[in-house]
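The values are calculated or read from the model by the stated rules, or taken from the named source; none is laboratory data. Because the structure is a prediction, the values reported are computed rather than measured. Virtual Cβ from ideal backbone geometry, glycine too; neighbours counted across all protein chains shown. Heavy atoms of the whole protein, side chains included, go into the accessibility calculation; ligands, DNA and RNA do not. Shrake-Rupley method; radii C 1.70, N 1.55, O 1.52, S 1.80 Å.
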Amino acid sequence: MTAIKDAAREFLAHRRVAVTGVSRQGDHGSNVVYKRLRDRGYEVFAVNPNAEAVEGDRAYHDLRSIPGGVEAVVIGTRREIAEETMRECADLGIQYVWMHRLAGEGSVSAAAARYGREHGIHVIPGGCPLMFEPTADGAHKAMKFVFTLAGKVPRRCQ
């Protein structure tokens, strides 16, 4: 078991990151993650099978479509889609996946997490990468405290 802060540091050390679920309307948590990573110098790729562009950038219909691939993925879609995305990550050799969750179930799927771990993927099942340095801000740090107490941010990852 790895402490969440160590798992987050390892995930965020990867600079080519895909974010799934980035919306054309710009009103989704995935959009916030996408823009923050982009603004902090990450080479970030938006994945939305129904969009050609989001947030002023090209969108990719799936992970396979990203030229040169990525090192890590933030899953920000409905949890019912998470296992399909995790399988795509395993097929592509992507080793780091963060399933986003603040309130409710978010993108966390127990089946997806289990599949990922069985295939050697480092999985963070909950919370948000913006709660941790070098991407954090005051609001996300406060959310990390509250949502950790509420059990929505894991304290440790397998």
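Any residue at all in the range 71-83 that is among the β-branched types (V, I, T), modelled with pLDDT under 95 and within 20 Å of D6 (Cα to Cα)?
no
Going by the structure shown, is Y34 closer than 18 Å to R15 by Cβ and either in contact with a Phe, Trp or Tyr (Cβ under 7 Å, 6 or more places away or on another chain) or β-branched (V, I, T) (or both)?
no
Looking at the range 38-66 only, could you name the residues that are surrounded by fewer than 19 Cβ atoms within 10 Å (Cβ to Cβ) and of a type in the set (S, T, N, Q)?
N50, S65 - these are the residues of the range 38-66 that are surrounded by fewer than 19 Cβ atoms within 10 Å (Cβ to Cβ) and of a type in the set (S, T, N, Q).
Can you tell me which residues in the range 108-158 are of a type in the set (F, W, Y), in a loop (DSSP other than H, G, I, E, B) and more than 19 Å from V32 (Cβ to Cβ)?
Correct list: empty.
What strands (runs of 3 or more DSSP E) completely inside the range 17-95 contain at least 2 residues that are out of contact with any helix residue (DSSP H, G or I) (no Cβ under 8 Å at 6 or more places or on another chain)?
By residue number, 43-47, 57-60.
When the range 15-37 is examined, which residues are found to be within 23 Å of G126 (Cα to Cα), surrounded by fewer than 17 Cβ atoms within 10 Å (Cβ to Cβ) and either at pLDDT 95 or above or polar (S, T, N, Q) (or both)?
R15, R16
Failed condition for E118, given (1) free of Cβ contacts under 8 Å to residues at least 24 places away in the same chain; (2) of a type in the set (D, E); (3) touching a strand residue (DSSP E or B) at 6+ places or on another chain (Cβ under 9 Å), with all others met?
The one condition E118 does not meet is (3).
Counting just the residues of the range 106-158 that are buried (at least 20 other Cβ atoms within 10 Å of the Cβ) and of a type in the set (K, R), which one comes out nearest to L12 (Cα to Cα)?
By that ranking, first place goes to K144.
Considering only residues that are among the aliphatic types (A, V, I, L, M) and within 16 Å of the chain's Cα centre (by Cα), which ones fall in the range 38-58?
Of everything in the range 38-58, those that are among the aliphatic types (A, V, I, L, M) and within 16 Å of the chain's Cα centre (by Cα) turn out to be V44, A46, V47.
Is there a residue in the range 1-11 that is crowded, with 20+ Cβ neighbours inside 10 Å and farther than 22 Å from C157 by Cα?
Checked against the condition, which is being crowded, with 20+ Cβ neighbours inside 10 Å and farther than 22 Å from C157 by Cα, the range 1-11 yields no hits at all.
Give the residue that is least open to solvent (accessible area, probe 1.4 Å), with candidates limited to residues of the range 67-105 that are over 14 Å from R16 (Cα atoms) and polar (S, T, N, Q).
T85
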